[in-house]
Structures are given as structure tokens and as C-alpha cells.
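J.: If you scroll down you'll find the structure; I have some questions about it.
We did not get these values from a lab; they are worked out from the coordinates using the rules stated. Just so it is clear, the structure is predicted and the values come from calculations on it, not from any experiment. As a convention, Cβ positions derive from the backbone with ideal geometry for all residues, glycine included, and neighbour counts pool all protein chains shown.
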């Protein structure tokens with residue numbers, strides 16, 4: 001069920017399914033949606049209570065704090081768990097930027113976490129390793145677009161972005177198709193994304209928090225060869241550029257192993273950044289391996 005709940009006086013959109021005392025909370029990525037995870041969520045809801053959340057400004061979630069990114073996302077998720085009366089320790093799963101939210105949440109509320117899964121997770125080490133500012137340059141260009149989009153109307157965004165559905169999405173129920181077409185033409189999405197990108201450069205507050213709990217931590221990473229080929233074909237990069245970017249990402253991903261003494265990493269073959277779409281079974285298997 002996808003619904004709205006009031007947290008701190010603002011509406012938050014979330015999904016919940018299952019009635020197990022084993023709960024898993026999933027943070028989608030920066031432009032990810034609840035709908036991207038429905039197949040996985042419905043499958044694991046047979047054995048878990050599954051919760052997905054749209055961060056502030058994403059989907060129908062209203063802004064709670066317009067000056068912070070990841071810390072607001074963590075407070076929002078904690079408030080949701082409290083409101084839903086989730087008392088037992090939970091499993092956290094985050095994709096991309098959602099993985100960064102998991103890292104912060106676990107440091108802020110270690111008593112709430114049983115284990116965690118990072119799927120192609122954003123790492124604070126990306127900035128540290130990116131000596132030539134490749135990611136910074138990309139983010140600067142996207143920041144300018146986000147500022148423009150956040151000040152646009154839905155009609156203006158519709159004309160500029162031309163939202164459409166993939167073949168897989170066309171198989172979803174009509175009401176979800178409608179929501180997906182509307183998702184990327186909401187100016188609030190780009191307002192929040194602007195905040196989140198700026199937030200990526202502020203790693204001091206992450207290091208100032210308490211230690212990451214020594215929990216079972218699974219890290220799922222993309223296939224480097226697959227990713228490099230995709231960058232060359234789809235983004236027009238040359239082989240040297242693609243190799244450089246991929247090396248930064250893979251090195252930063254490996255550094256995540258240092259978060260816990262009980263961490264392990266699995267490379268998911270023939271997958272890019274969107275492992276949840278390329279190989280959902282790999283994520284389902286990782287979740288079941290925790291119990």
C-alpha cells in the first residue's frame with residue numbers, strides 16, 4: 001500500500017506491505033521512486049514487513065527542512081518508524097544516494113539497526129578520491145539544471161523533459177503509470193535534488209557522528225566492465241575517461257568495507273548502477289541471506 005502520513009506537520013509518502021516482525025526499510029536513490037522497487041518489495045513482503053519512503057520533495061512528500069539533505073531524510077525515516085510503531089531492530093537497504101542515507105541513519109540510530117545492505121551506494125570517499133573533480137564538474141552542471149527546473153512549472157517541465165514510460169513500466173497498473181509520468185515534472189523533486197547534491201560535499205558531519213555499528217553489512221556493486229562499456233556507448237565517453245570514472249567509483253565502493261568488521265562485498269555481473277532493475281534477484285538473495 002502506498003499512502004501519505006503526517007510527520008512533523010508535513011506529509012510523507014511511503015509504502016508498507018507485509019506483517020512480519022522482521023522489518024526492512026528501503027531508501028531509493030536520488031531520482032529513484034518507490035515504484036522502482038515494487039517487484040522486490042512485493043516478493044520479500046512474504047517474509048518481511050517492507051517499508052519504502054519518498055524523501056522530502058520526492059513524489060508527494062512535502063518539504064520538512066529546506067536547508068538539509070541527508071540528515072532530514074534520516075529524521076524523516078526515524079519519525080516514520082516511530083509513527084508506524086516499529087519497535088524491533090530493522091534491516092536497512094539503500095540504493096545510490098539512499099545508501100548514503102543508510103550510512104548516516106546507522107550512525108545516528110545504531111540501536112535500531114540489525115543489519116544493512118548498500119546497493120551501488122554513494123560513498124563519502126568519492127570526493128576524496130576524485131582528484132580531477134570529474135564528479136564535481138558533472139554535479140555543477142546538474143546543479144544549474146536543478147535550479148532551473150525547481151523554478152519551472154509542471155507544464156514547462158513536461159515540455160522540456162518529455163516524460164515517457166519504459167516497456168516494463170507500461171505493464172504496471174494505470175494509476176502507477178500516471179504517477180510515474182507526473183513524478184519527474186514536479187519542481188519540488190529538483191529543489192530537493194539541489195540540496196542533496198550540495199550535501200554530498202559536506203562529509204565533515206558524517207565523520208563527526210558516532211561510529212558506524214559493527215553489524216552485518218552487505219555491499220552490492222556493479223560490474224565494472226559492463227559499466228565502462230555502457231558509459232562508452234550511451235554517454236559517448238572514450239575508454240580512458242570511462243576507465244578513470246569507474247576506477248574512482250569501484251575504489252570508493254571498496255572503502256565502504258571499512259564501515260564494519262562484518263562487511264562483505266559482492267560484484268553483480270552484467271549490471272550497471274540500477275541493480276534493482278538489471279538483476280532484482282541479486283538484491284532479494286542478499287536480503288534473504290541476512291536471516
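J.: Going by average Cβ neighbours within 10 Å, how do the peptides 239-252, 69-82 rank, with the highest at the top? Mind dumping the intermediate values first?
T.: Numbers: 239-252: 16.5, 69-82: 20.8.
For the peptides 239-252, 69-82, the packing ranking is 69-82, 239-252.
J.: I would also like to ask the following. In nm, what is the difference between 0.36 nm times the number of residues separating residue 63 and residue 19 and their Cα-Cα distance? Intermediate values should be presented prior to the final figure.
T.: Working: separation 44, 0.36 × 44 = 15.84 nm, distance 2.93 nm.
Gain on extension, residue 63 to residue 19, equals 12.9 nm.
J.: Could you check the spin-label model distance between residue 258 and residue 209? Points 7 Å from the Cα along Cα→Cβ, value in nm.
T.: Going from the residue 258 label point to the residue 209 one covers 1.7 nm.
J.: Which shape class applies to the stretch 122-275: rounded if a/c is under 1.5, otherwise prolate when a/b exceeds b/c and oblate if not, where a ≥ b ≥ c are the square roots of the Cα gyration tensor eigenvalues? If you can, show how the numbers build up before the last one.
T.: Values: a/c = 1.56, a/b = 1.44, b/c = 1.08.
Note, shape of the stretch 122-275 comes out prolate.
J.: Assuming 0.36 nm per residue, please report the length gained on full extension of the stretch residue 148 to residue 266 beyond their Cα-Cα distance. Please list the in-between numbers first.
T.: Details: separation 118, 0.36 × 118 = 42.48 nm, distance 3.84 nm.
Value of the extension gain: 38.6 nm.
J.: Cα gyration tensor of the stretch 55-188, axes a ≥ b ≥ c as square roots of the eigenvalues: rounded (a/c below 1.5), prolate (a/b > b/c) or oblate?
T.: On the way: a/c = 1.78, a/b = 1.25, b/c = 1.43.
Oblate, because a/c is 1.5 or more while a/b does not exceed b/c.
J.: Expected output is a single nm value to one decimal: the length gained when fully extending between residue 241 and residue 155, i.e. 0.36 nm times separation in residues minus the C-alpha distance. What is it? Please report the intermediate quantities before stating the final value.
T.: Working: separation 86, 0.36 × 86 = 30.96 nm, distance 3.65 nm.
Fully extending the segment from residue 241 to residue 155 adds 27.3 nm.
J.: Further question: Show me the ranking of peptides 24-31, 259-266, 185-192, 225-232 by mean Cβ neighbours inside 10 Å, starting with the highest. Before the final figure, lay out the partial values.
T.: Values: 24-31: 23.9, 259-266: 15.0, 185-192: 20.6, 225-232: 16.5.
Highest mean packing first, the order is 24-31, 185-192, 225-232, 259-266.
J.: Please work out the Cα center distance from the stretch 8-44 to the stretch 142-172, rounded to the nearest Å.
T.: 22 Å
J.: Let me ask something else. Kirkwood hydrodynamic radius (Cα pairs, Å) of the stretch 27-131? Mind dumping the intermediate values first?
T.: Numbers: mean 1/r = 0.0696 Å⁻¹.
By the Kirkwood definition, the hydrodynamic radius is 14.4 Å.
J.: Estimate the FRET efficiency between residue 140 and residue 216 by the formula 1/(1 + (r/R0)^6), using the beta-carbon distance for r and 45 Å for R0, to the nearest 0.05.
T.: Numbers: r = 37 Å, r/R0 = 0.83.
Computed FRET efficiency for residue 140 and residue 216 comes out at 0.75.
J.: Using only the alpha carbons of the stretch 1-66, what is the convex hull's orientation-averaged projected area in square nanometres?
T.: Details: hull surface 17.9 nm².
For the Cα atoms of the stretch 1-66, the hull's average projected area reads 4.5 nm².
J.: Continuing with the same structure: Using only the Cα atoms of the chain, construct the convex hull and provide its projected area averaged over every direction, in square nanometres to one decimal.
T.: Values: hull surface 58.3 nm².
Over all viewing directions, the chain projects a mean Cα-hull area of 14.6 nm².
J.: Further question on the same structure: What value, in deg cm²/dmol to 500, does the helix sum -39500 (n - 2.57) over DSSP H runs of n ≥ 4 give at 222 nm once divided by the residues of the chain?
T.: -13500 deg cm²/dmol, from helical runs alone.
J.: I want to check the label-to-label distance for residue 166 and residue 198. Put each point 7 Å from Cα in the C-beta direction and report it in nm to one decimal.
T.: Inter-label distance under the simple model: 3.1 nm.
J.: Could you give the nm distance between label points at residue 89 and residue 111, where each point is 7 Å from its Cα heading toward the beta carbon?
T.: It works out to 1.4 nm between the two label points.
J.: In the chain, what percentage of the DSSP-assigned beta bridges are antiparallel, given to the nearest 5?
T.: Numbers: 10 of 36 bridges.
Given both bridge residues lie in the chain, the antiparallel proportion sits at roughly 30 percent.
J.: Can you tell me the order of 94-103, 167-176 when each peptide is scored by its average per-residue count of other Cβ atoms within 10 angstrom, highest first?
T.: On the way: 94-103: 26.7, 167-176: 10.9.
Output ranking for 94-103, 167-176: 94-103, 167-176.
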